[in-house]
Amino acid sequence: MPKLELRPYQTAAIDGLYQYWADGRGDNPLIVVPTGGGKSLIIGKLIEDALSFPGTRVLMLTHVAELIEQNAKELVGLLPGVDLGFYSASLGQKRLDRQVTFAGIQSIHDRAFDMVPAPDLVLIDEAHLVPKNTTTRYGKFLDDLRTCNPDVKVVGLTATPYRLDSGYLHKGKDAIFDGIAYDIPVGMLMDQGFLSPLVSKGAKAKIDLTNVGMRGGEFIESQLATAASDPELVKATVAEIVHFGQDRKSWLVFASGVNHAEMIKEEMAVHGIDAEVITGADNKTDRRDRIADFKAMRLRCLINIGVLTAGFTHPATDLVAMVRATASAGLYVQIAGRGTRLAPGKADCLLLDFGGNVERHGF
């Protein structure tokens, strides 16, 4: 098996995790890795280290079938021949007899006692999506695993170690995680050339939030969609995207609602721009085909409504348009992070902000 070549900060993250455990600070820490920071290599190294101990079992846990598949593909590329299986209804495979299991929480949440022997290491990807309350599926499942194996270690990986509804993932009596083992600064990775710089521009065509209320600390979706869908505002919005994106190849747009996204698509067509919309209601084939066209550069503009905020990878993305507002710092960082990966010929990524998000959350 080839030896994994890690960047210095990736090695530091793994060393930080082992030191966290050695110091007795807890069993369930977070590793904070900026989007595009090479999380898959860190995961691969952790799994490689774990499997060097005979009989060790590893569980890779997440929430979306596409992420399970993507993470498994990356691991096989890093560790050819790894004994890997899936437990996911969406992927059509449910097996618990492999040394490394990639699973969806929706499928495996009530099967902890069927994992014999129980996992020794649980890795949770996109850990910011884990509800903080320990009575949720994640919390109850991990409690069951601890009954089976009191020594199990749980590691969460995320670019944003906080949630809008409950704050930091590792603070409070109900927290699943107990600390941050290592936090890789995004600015450092940009300065060192490991991430693409972001440049931002406040838009002239801003969404008027005067009549948009708040619920649960976030803007009310229906009211935000109504405010953003003013026809003249949509025309001005698209005109700005087309103007500032004329020398950019791959535009990712975050819209405020389904009707709003379709309006943006129609206006893009007026300017001769090929654009498609993906939503949470799409069937898997349509969504996969549109994403494939975008990644293959057959489609210049992909518009989505909250679908591509986590786990979506397209390094060539050089323009991100936030045609929505959010009060969530985590969501803001996740959206901006879609443009931070390096790609040939890409000098930076332009963040066009139509919702006052940069002013709200900072640079």
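The values are calculated or read from the model by the stated rules, or taken from the named source; none is laboratory data. None of the values given here were measured: they were computed from a predicted structure. Neighbour counts are summed over all protein chains in view; Cβ atoms, including those assigned to glycine, are modelled from backbone coordinates with ideal geometry. Just the protein is used for accessible areas: all its heavy atoms, side chains included, with ligands, DNA and RNA removed. Shrake-Rupley method; radii C 1.70, N 1.55, O 1.52, S 1.80 Å.
Report, in deg cm²/dmol and to the nearest 500, the calculated mean residue ellipticity at 222 nm for the chain, where each DSSP H run with n ≥ 4 adds -39500 (n - 2.57) and the sum is divided by the residue count.
After summing the helix terms and dividing by the residues of the chain, the value is -10000 deg cm²/dmol.
Which peptide among 274-286, 343-355 comes first, and what is the full order, when sorted by highest mean count of other Cβ atoms within 10 Å?
So the peptides 274-286, 343-355, ranked by packing, come out 343-355, 274-286.
Near the amide H of Ile220, under 5 Å away, which other amide H atoms are found, from residues 5 or more places off or on another chain, if H is placed in the peptide plane?
Gly213, Met214, Arg215
Rg/Rh for segment 135-179 to two decimals, with Rh computed the Kirkwood way over all alpha-carbon pairs.
Result for segment 135-179 is an Rg/Rh of 0.98.
Mind checking the per residue accessible area of the chain for me, 1.4 Å probe, whole number of Å²?
44 Å²
Quick one, could you list the DSSP H helices from the chain stretching 27 Å or more along their long axis (Cα atoms) with average Kyte-Doolittle hydropathy of 1.6 or above?
none
Go through Lys206/Lys284; Lys73/Lys173; Lys153/Lys346; Lys171/Lys204; Lys3/Lys249; Lys39/Lys171 and tell me which ones have a Cα-Cα distance over 28 Å in this structure.
Flagged as over cut-off: Lys206/Lys284; Lys73/Lys173; Lys153/Lys346; Lys171/Lys204; Lys3/Lys249.
Using the Cα centre of segment 1-122 as the reference point, and only Cβ charges (+1 on K/R, -1 on D/E), how large is the resulting charge dipole? Debye, rounded to the nearest 20.
140 debye
If one computes P(r) from the Cα atoms of the chain, what percent of pairs lie at distances over 25 Å?
56 percent
Relative contact order (percent) for the chain, with alpha-carbon contacts under 8 angstrom and 6 or more residues of separation?
18 percent
Multiplying the sequence separation of Ser200 and Phe113 by 0.36 nm and subtracting their Cα-Cα distance, what value in nm do you get?
26.4 nm
Given labels modelled 7 Å from the Cα in the Cβ direction, how far is it in nm from Lys235 to Asp286?
2.8 nm
So what is the relative contact order of segment 146-210, in percent, for Cα pairs below 8 Å that sit 6 or more residues apart?
Reported as a whole number, the value is 14 percent.
Note the full-extension length gain between Gln93 and Arg137 as 0.36 nm times their separation in residues minus their Cα-Cα distance, in nm to one decimal.
Computed gain between Gln93 and Arg137 is 13.8 nm.
Quick one: length gained pulling Gln246 to Glu74 fully straight, 0.36 nm per residue minus the C-alpha distance?
Length difference between fully extended and current span is 58.6 nm.
Carbon and sulfur atoms: what percent of the 1.4 Å accessible area of the chain do they account for?
52 percent
Just order 22-29, 60-67, 218-225, 333-340 by mean Cβ neighbour count inside 10 Å, highest at the front, would you?
333-340, 60-67, 218-225, 22-29
Provide the solvent-accessible area of Met263, counting protein heavy atoms only and rolling a 1.4 Å probe, rounded to the nearest 10 Å².
40 Å²
With the Cα gyration tensor of segment 1-72 giving a ≥ b ≥ c as the square roots of its eigenvalues, does the rule (a/c under 1.5 for rounded; else a/b larger than b/c for prolate; else oblate) give rounded, prolate or oblate?
rounded
Kirkwood hydrodynamic radius (Cα pairs, Å) of segment 78-226?
18.8 Å is the Kirkwood radius here.
Classify segment 1-130 from the C-alpha gyration tensor, please: rounded if a/c falls under 1.5, else prolate or oblate depending on whether a/b exceeds b/c.
rounded
Given a Förster distance of 25 Å, report the FRET efficiency between Gln192 and Glu48 from their Cβ-Cβ distance, rounded to the nearest 0.05.
According to the calculation, E is roughly 0.55.
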